[in-house]
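All remarks here apply to the structure that follows.
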Amino acid sequence: MPTTADDREHTALNSPPPARLTADALLSVVVPCFDEEAVICETHSRLVATLEAVPDLDFECVYVDDGSRDATLNALRNLHRADARVRVLALSRNFGNEIAVTAGLQCAAGDAVVVMDADLQDPPEVIPEMLKRWCAGVDVAYGVRTERDGETRFKRWAASAFYRLLNRLADVPVPLDTGNFRLVDRKAVDAFLAMPERDRFVRAMMAWTGFRQEPVPYRRAARAAGETKYPFGKLLRLAIDGIMSFSLVPLRMATWLGLLACGLALAGIVYALVLRVFAAVWVSGWTLLFIAVLFLGGVQLLCVGILGEYVGRIYGEVKRRPLYVVKERLGFAPAGRPPMRDEPMED
Ligand code: UDP
Ligand code: MG
């Protein structure tokens, strides 16, 4: 019998994890889709084939249409008609991947939820391995990309550099080379959903929730069809969002730049005085003055810009707008009530 707190903790750590894949356990798979008509049906059939092969697994697929301009929503409606496990949440316009994932997580009823891209870059075949970890007591099993097929060398380099920079700057360690592809236990999903912020960098927010997190290595495939929705500009925005939301280092940089400017000015003063005293000359010259003025102006504008980024974010938060607007819901229990598994779904 454990007596002391230490003993009790030790016993808790060594006790077998609670059985998770019970008869009434449900797995939800959240898939954000933006203009994915070329690939969505193939994604669904591969996903279903993989999940049906897991014995006794009850699952639902939550597709979030993020304001697609092509026939994605129609394809999703057809999938829903053909398969009662398909739920569709259509947003009123494009809100971005991170918001679409949040919307999907809000609607997912599962005891565990998988988040997966629609373009088959995150292979559904990795999910059974994630499930195994979950059954062994892991709360967040996140996919780590060991190799990335079909991406340009520059994108791979930029992604790798970004993840390392983020890790240095962020308040919580964010796993390297990790996207949104992961399996998350209900309690971590609820912790994530309790975070109300608008700038949602899902992978880092998940890291923030804590719990027992483990990597699942996988080879990131090339996009099955269609084009990336993340050109360089959008990726850069996402990177800036990630850093700003999880770090105050850019703000502190202002202080360091200020100190640097003061140090340089001091050095200049000493230099001028030494020349005056020992060589009896006054330092003169517009060039030096010009450089100093430009340097200080640059530093100040940069700092105002950084400050502006944070103030802009505060402005966005205080408006308290809803994160997204829903246009259509298919296969969910009526809004306002928690979904129950065995009741007839609205259509
Ligand atoms: N996506 C989305 N909204 C967007 C952009 C992308 O829901 O505004 C979805 C997209 O359909 C895909 C996932 O997010 O399922 C990842 O996007 P993509 O494959 O284009 O990004 P990449 O893998 O090239 O970084
Ligand atoms: Mg992709």
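For region 71-201, what is the relative contact order in percent, using Cα pairs closer than 8 Å and at least 6 residues apart in sequence? This gives 32 percent for region 71-201. Taken about its Cα centre, the chain carries a charge dipole of roughly 1440 debye when the Cβ of each Lys and Arg holds +1 and the Cβ of each Asp and Glu holds -1.
Just how large is the dipole of region 33-117 about the Cα centre, in debye to the nearest 20, putting +1 at every Lys and Arg Cβ and -1 at every Asp and Glu Cβ?
280 debye
Our helix-only sum for the chain, with -39,500 (n - 2.57) per DSSP H run of n ≥ 4 divided by its residues, gives a mean residue ellipticity at 222 nm of -15500 deg cm²/dmol. In a fully extended conformation the segment linking residue 94 and residue 295 would gain 68.3 nm over its present Cα-Cα distance, using 0.36 nm per residue. Indicate, rounded to the nearest 5 percent, the antiparallel portion of the DSSP beta bridges found entirely in the chain. In the chain, approximately 30 percent of DSSP beta bridges are antiparallel ones. Shown is the FRET efficiency for residue 328 and residue 146, computed with R0 = 41 Å from the Cβ-Cβ distance and rounded to the nearest 0.05: 0.60. A straight line joining the Cα centroids of region 44-82 and region 179-231 runs 19 Å.
Each principal axis of the chain carries a Cα extent, and these read 93, 63, 40 Å when sorted largest first. Distant-in-sequence amide contacts of residue 68, defined by a placed amide H-H separation under 5 Å and a gap of 5 or more residues or a different chain, comprise 35.
Charged neighbours of residue 213, selected by a Cβ distance under 13 Å, balance to +2 (K, R count +1; D, E count -1). Near residue 185: Cβ cut-off under 14 Å, other residues only, Lys/Arg at +1 and Asp/Glu at -1. The net charge is +3.
The residue 57 and residue 252 beta-carbon pair, evaluated with R₀ = 35 Å, returns a calculated FRET efficiency of approximately 0.15.
If both residues of a DSSP beta bridge must be in region 127-265, then about 35% of such bridges are antiparallel. Per-residue packing, averaged as other Cβ atoms within 10 Å, sorts the ranges 78-88, 176-186 into the order 176-186, 78-88, beginning with the highest. Stretched out straight at 0.36 nm per residue, the stretch from residue 314 to residue 164 would grow longer than its current Cα-Cα span by 51.4 nm.
For the chain, the relative contact order comes to 20 percent (Cα pairs under 8 Å, sequence separation of at least 6). For region 238-339, the relative contact order is 28 percent, taking Cα pairs closer than 8 Å that sit 6 or more residues apart in sequence and dividing their mean separation by the residue count. Per the Debye calculation on region 195-328 with a single equal scatterer at every Cα and no solvent contribution, log₁₀ I(q)/I(0) for q = 0.17 Å⁻¹ amounts to -1.11. Taken about its Cα centre, region 113-212 carries a charge dipole of roughly 280 debye when the Cβ of each Lys and Arg holds +1 and the Cβ of each Asp and Glu holds -1.
Between residue 153 and residue 280, how high is the FRET efficiency from 1/(1 + (r/R0)^6) when r is the Cβ-Cβ distance and R₀ = 51 Å? Nearest 0.05. Here the calculated transfer efficiency is 0.30.
Multiplying the residue separation of residue 74 and residue 272 by 0.36 nm and removing their Cα-Cα distance gives an extension gain of 63.9 nm.
For region 256-328, chymotrypsin sites (Phe, Trp or Tyr not before Pro) meeting the loop criterion (DSSP other than H, G, I, E, B) and having at most 14 other Cβ atoms within 10 Å: 282. Of the complete DSSP H runs in the chain, those spanning 30 angstrom or more by Cα along the long axis with a mean Kyte-Doolittle score not below 1.0 are 249-279, 286-318.
FYI, it's all coordinate maths here, none of it is from the lab. All figures in this text were calculated on a predicted structure; none of them were measured in a lab. Please note: Cβ atoms are built from the backbone with ideal geometry, for glycine as well, and neighbour counts cover all protein chains shown.
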